[in-house]
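Below is one structure, written out as structure tokens, with a few remarks after it.
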Number of protein chains: 2
Amino acid sequence: MTLERAGLDRGAQPVRITDVAALAGVSIGTASKALNGTGQLRESTRSRVKDAAEKLGFVGDARARALSSGRTYTVGMITTDSFGRFSIPVLLGAEDALSAGQMAVLLCDTRDDHVREAHYLRSLAARGVDGIIVTGRSADPRPPIDVSIPVVYAFTPSTDPADVSITLDDAAGSSAVAAHVLTLGRQRVAIVTGPARHQSAVRRVSGATAVLGSALVGEPLYGEWSERWGRQAVDVLARGSADVDAIVCGSDQIARGVCDRLRELGRSVPEDVAVTGFDDWDVMALASRPPLTTVDLRLEELGRVAGQALLDLIDGGSAASAAVTPSLVIRESTLGA
Amino acid sequence: MTLERAGLDRGAQPVRITDVAALAGVSIGTASKALNGTGQLRESTRSRVKDAAEKLGFVGDARARALSSGRTYTVGMITTDSFGRFSIPVLLGAEDALSAGQMAVLLCDTRDDHVREAHYLRSLAARGVDGIIVTGRSADPRPPIDVSIPVVYAFTPSTDPADVSITLDDAAGSSAVAAHVLTLGRQRVAIVTGPARHQSAVRRVSGATAVLGSALVGEPLYGEWSERWGRQAVDVLARGSADVDAIVCGSDQIARGVCDRLRELGRSVPEDVAVTGFDDWDVMALASRPPLTTVDLRLEELGRVAGQALLDLIDGGSAASAAVTPSLVIRESTLGA
């Protein structure tokens, strides 16, 4: 493929390295070295050439670059189940970091199908990708993929502690939200969350209970990740003896159901009962009446950290597992209008 | 890159075309022709070789294939704004069709930024992609991208009628839902929908009004795509003189708000008022009380049609613009429990 064929603009003449060299006032060889990051050049020369390339929109030929460098500047992104609410922001953040590193992202949606995953791994091998990011819908660990190129697990960690996994610090998020509730002076706090088989539910409970101490009323209530469970949990609490003045929920869906049921029972949020969510999922957190104080998972940041870790590994450097700390978002469900 | 380097399995010996030929009982030349779809071969021979390749997990080398065919078997997927609720299913459907055609999908999230879009177009050019799918959050047309390779617009059409755009037939969907409401015997039907500046809102109104005829009560009410607008619209209707027995809504969010407000006013759904949504967005349609009769947009199907159209164009065939017909989904908000 020639540079001519790389030009996508209809009728436009593609920019050649000759043009870049002419504008920068250097030889073609110098321009080439400056753009490829090779050779001994003064930094001022290198940046003059790069400015000229930028100004002219010079792109070179990625395939020629791939052949000369042994790299394809392409990364596979595999999700173990369909891209959804959690994996999409992770994907976008990773894509952001990787594209800043000039890597393109090949999308592989395995739809939770092992045959499909194996097919994608073969296809990525055939394309010679430089690395792979693995993500998914669940924060529970998954078995590692068996490849000999750099891999980073994002949101869904690998079961192998030797792998690089970038995860969410659920406990830190729920500690922050519990501390906020105590700061407001609430003293009888219930916890309503998702299924105990999900590590994210368990970690969110442990983060909150550690902070609440004796302010925690009764045992945490585990159920579905749903609005309906939130409504049912309010009825469960109403049948108990202790009157609660705050309910810390494991998700925004649960918290929205809690608010709806409290209102139906004539109890006002946050005056009678402060309510908190988790996820900062706008269609739940903002549509809730009142809008929810919640925890922003910062999944795009998690994706960016994973993308940068993969770039480091591909460049021959090292990378370590890390947990991204989510952040508290305060709204009317604890503070009032 | 040799075939050895294409093998990703740690320590596993990669499958060679020699192995495929041996298993199929043919010469290496015949195996190669069968796998590349070239030469004069009996169909039985071709399928025997393909079965053998499938059984052994033979992948060849995509880059070698790309160099020999002049194609990269790679497609760019550009979204004009962040991947979200509408573009994700389109993306997944397209990826499904394209991967069946052995194409990999390069993801380009332009975040509604023209500079970023231009950067991606240059990057896709440098990688020599065989075609591009353009999608986005809005069903309103966008200006075409200026490239000389096959392009298909999915969900978000091009303003140029000469381009291939696969869109959603909103009017057909709202006609179906209006006909369903009439079938139930409802005779005084109101329409509550999104902003009149959105073509999808306008098309959904026209599809419903054409069917409703004299059963339509008053003018369609245009507002936000939100639950809050649904709640407010019920109050607007309550102040009017005509008592409605059905409300056809432009989205599931609006319909959910309508149901909530009707319940708060002591009116039962569907006994007093039947309510319909649009989108079949599970977190709204299923969480609504009662669950919503609505319209499934079939966006994955739309993506598949777009992916297939792009494959046809890349193969040198023709493709035409088309509209995918959404389908009616009947639940308790019209039928009762």
Lone unmet requirement of (1) touching a residue at least 24 places away in the same chain (Cβ under 8 Å); (2) within 14 Å of chain A (Cβ to nearest Cβ) for residue B:152: (2)
All positions within segment B:72-104 that are facing chain A (nearest Cβ under 9 Å), farther than 30 Å from residue A:16 by Cβ and of a type in the set (A, V, I, L, M, F, W, C): B:83, B:88, B:91, B:92
Count of segment A:105-140 residues which are more than 21 Å from residue B:133 (Cα to Cα), facing chain B (nearest Cβ under 9 Å) and touching a Phe, Trp or Tyr at 6+ places or on another chain (Cβ under 6 Å): 0
Neighbours by Cβ (under 7 Å, 6+ apart or cross-chain): first from segment B:313-337, surrounded by 14 or more Cβ atoms within 10 Å (Cβ to Cβ); second among the basic types (Lys, Arg) and in a loop (DSSP other than H, G, I, E, B): B:324/B:298; B:326/B:298; B:327/B:298
Where residue B:263 falls short, out of the listed (1) in the same structural domain as residue B:221 (by TED's automatic domain parsing); (2) under 16 Å from the mean Cα position of the chain (by Cα): (2)
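Could you run through segment A:98-119 and say how many residues are assigned to a helix (DSSP H, G or I) and surrounded by fewer than 22 Cβ atoms within 10 Å (Cβ to Cβ)? Break it down into steps so the answer makes sense when it comes.
Keep residues of segment A:98-119 that are assigned to a helix (DSSP H, G or I), which gives A:98-100, A:114-119.
When the remaining residues are screened for being surrounded by fewer than 22 Cβ atoms within 10 Å (Cβ to Cβ), the result is A:99-100, A:114-119.
Going through segment A:98-119 one residue at a time, the tally reaches 8.
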Matching option when the condition is farther than 22 Å from residue B:257 by Cα and crowded, with 18+ Cβ neighbours inside 10 Å, among B:177, B:205, B:152, B:181: B:152
Answer from A:299, A:310 - the residue that is within 11 Å of residue A:97 (Cα to Cα) and crowded, with 21+ Cβ neighbours inside 10 Å: A:310
Residue within segment B:299-312 that is assigned to a loop (DSSP other than H, G, I, E, B) and out of contact with any helix residue (DSSP H, G or I) (no Cβ under 6 Å at 6 or more places or on another chain) present: no
Residue match in segment A:178-186 (condition: assigned by TED's automatic domain parsing to the domain that holds residue A:254, part of a helix (DSSP H, G or I), farther than 27 Å from residue B:105 by Cβ and touching a Pro at 6+ places or on another chain (Cβ under 9 Å)): no
Within segment A:287-298, considering residues that are part of a loop (DSSP other than H, G, I, E, B) and under 13 Å from residue A:253 (Cβ atoms), the one farthest from the other protein chains (Cβ to nearest Cβ): A:292
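Residues of segment B:137-177 being polar (S, T, N, Q), part of a strand (DSSP E or B) and modelled with pLDDT under 95, which ones?
none
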Qualifying residue in segment B:271-282 (condition: among the acidic types (Asp, Glu), farther than 20 Å from residue B:231 by Cβ and surrounded by 22 or more Cβ atoms within 10 Å (Cβ to Cβ)): yes
Extreme residue, surrounded by the fewest Cβ atoms within 10 Å (Cβ to Cβ), among residues of segment B:240-265 that are outside any loop (DSSP other than H, G, I, E, B) and out of contact with any strand residue (DSSP E or B) (no Cβ under 6 Å at 6 or more places or on another chain): B:264
Breaking point among (1) touching a residue at least 40 places away in the same chain (Cβ under 8 Å); (2) out of contact with any Pro (no Cβ under 9 Å at 6 or more places or on another chain); (3) over 19 Å from residue A:270 (Cβ atoms), for residue A:205: (2)
Only one of B:172, B:233 that is surrounded by 15 or more Cβ atoms within 10 Å (Cβ to Cβ), away from every other protein chain (no Cβ under 14 Å), under 30 Å from residue B:312 (Cβ atoms) and touching a strand residue (DSSP E or B) at 6+ places or on another chain (Cβ under 9 Å): B:172
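The values are calculated or read from the model by the stated rules, or taken from the named source; none is laboratory data. What you see is a predicted model, and the numbers here were worked out from it, not measured in a lab. In this analysis, Cβ positions are derived from the backbone assuming ideal geometry, glycine residues included, and neighbour counts consider all displayed protein chains.
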